[in-house]
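The values are calculated or read from the model by the stated rules, or taken from the named source; none is laboratory data. This structure is a prediction, so every number in the text was calculated from the model and none was measured. Neighbour counts run over all protein chains shown; Cβ positions are idealised from the backbone, glycine included.
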Amino acid sequence: MTRRLDATQSGIATAASILRAGGLVAFGTETVYGLGADASQPQAVARIFEAKNRPRFNPLISHFASAQAAFEQVTPNPVARRLAQAFWPGPLTLILPRAPGCCISDLAADGLSSLAVRVPANATAHALLELVDRPIAAPSANRSGRISPVDAAHVLEELDGRIDAVLDSGPCTVGVESTVVDLTDPHAPCLLRPGGVTLEELQTICPHISLPRTASDQAPHSPGRLISHYAPHLPVRLNVLHAQADEALLAFGAPRPTPAPLVWNLSESGSLEEAAARLFTGLRTLDREGQRLGLNRIAVQPIPQHGLGRAIQDRLNRAAAPRPQDGTGDMAP
Ligand code: TXA
Ligand code: MG
């Protein structure tokens, strides 16, 4: 059984003691729910990979209560310090060289000489990280390849019985994962994953940040960026202007008449922030209800390609990508 803990002082204290004892606790951040373990204990980290059924070659992000704590484990450069100053705590992950004496287990870092570090903004996550006082490795708290969880009920749908506890801090406010920036070469910062901090925001600090040309280009730099990911059971059709009667529709913007019998509008007012926050719940709902109604696909209306629209489109592209042969999507984190 997986315990559901409230985001109270005693719930947070229980979560912290489970983590310190090497257990697994899912906790809400502003982006998605993470599946946490003490990053310095190899056996605890191994349990993350087991619970998620995640490939071992995919490194994990280590989470900290403060930039100061994060920068004890990596060697920051001036760009990293400026980005941290601007966007931490918040939905930004920095890839930096591991510091000498870094305590993160090789399993969490996949034996790489770099490490992904992040300081989340969510108040409960912050309180938990402060109390645990150790780096917490946390991938999204879903089965590998599936849709990321943005509330505690989603975590239990995916991982009930496979983890010790979920700390319920309510729905995630941002709704897409953190932006991942590779700063291992301080002269060539590179955006590995669009996320909660937008490209426009990053460019205010890093005007020359480069973008990977294609998703597969990212694979050597960010091993987890395999293409099939966020996979619902139903196939996904992108950039659809006219959905069909056998499709569930993921809509964006002012409602229009449609033959689709099932519609989830990401944002009727056209807000990309609202759309990001509603994306994963929408995909989950359309997938579940669409299958119940015997529909054949999820059709997705075009999403504007600026601001959070890039992160939304990235997740949708992966949801629509070819699946491994068994159709489970299990090749991806
Ligand atoms: O918002 C988030 O980032 C959430 C919450 C829980 O913090 N976490 C999350 O973790 O999305 P995960 O494991 O699903 O994604 C981590 C990404 C993967 O694409 C992984 O390959 C990349 O970060 N990554 C981790 N360490 C890396 C490294 N040393 N070099 C390059 N990419 C790395
Ligand atoms: Mg993930």
In the stretch 171-194, what residues are under 16 Å from the mean Cα position of the chain (by Cα) and of a type outside the set (A, V, I, L, M)? P171, C172, T173, G175, E177, S178, T179, R193, P194
Which pairs have Cβ atoms under 6 Å, sit 6 or more apart or on different chains, and link a residue in the stretch 192-218 that is at pLDDT 70 or above and buried (at least 16 other Cβ atoms within 10 Å of the Cβ) to one that is acidic (D, E) and not in a strand (DSSP E or B)? P194/D314; G195/E177
Considering each of R47, R82, R56 in turn, give the residue that is at pLDDT 95 or above and farther than 29 Å from E200 by Cβ. R47
When only residues in the stretch 104-158 that are of a type in the set (S, T, Y) and within 13 Å of ligand 2 (Cβ to nearest atom) count, which is farthest from A15 (Cα to Cα)? S144
Selection status of R146, assigned to a loop (DSSP other than H, G, I, E, B), buried (at least 24 other Cβ atoms within 10 Å of the Cβ) and either out of contact with any strand residue (DSSP E or B) (no Cβ under 8 Å at 6 or more places or on another chain) or not assigned by TED's automatic domain parsing to the domain that holds L202 (or both): yes
Being crowded, with 18+ Cβ neighbours inside 10 Å and at pLDDT 95 or above narrows it down to one of R297, R237, R292, so name that one. R297
Output the qualifying pairs, or none if there are none: Cβ atoms under 6 angstrom, residues six or more apart or on different chains, first residue in the stretch 59-73 and among the hydroxyl-bearing types (S, T, Y), second residue within 12 Å of ligand 1 (Cβ to nearest atom) and in a loop (DSSP other than H, G, I, E, B). S62/A39; S62/I104
Of all residues in the stretch 316-333, how many are at pLDDT 55 or above and in contact with a Ser or Thr (Cβ under 8 Å, 6 or more places away or on another chain)? 5
When the stretch 10-22 is examined, which residues are found to be among the small types (G, A, S) and surrounded by fewer than 18 Cβ atoms within 10 Å (Cβ to Cβ)? S10, A13, S17, A21, G22
Being within 9 Å of ligand 1 (Cβ to nearest atom) and more than 18 Å from S66 (Cα to Cα) is the filter here, so list the residues in the stretch 90-135 that pass it. A108, A109, D110, L112, S113, S114
Taking the condition at pLDDT below 55, assigned to a loop (DSSP other than H, G, I, E, B) and out of contact with any Phe, Trp or Tyr (no Cβ under 8 Å at 6 or more places or on another chain), does H221 pass? yes
Just one of (1) farther than 30 Å from T198 by Cα; (2) exposed (fewer than 15 other Cβ atoms within 10 Å of the Cβ) trips up Q68, so point out which. (1)
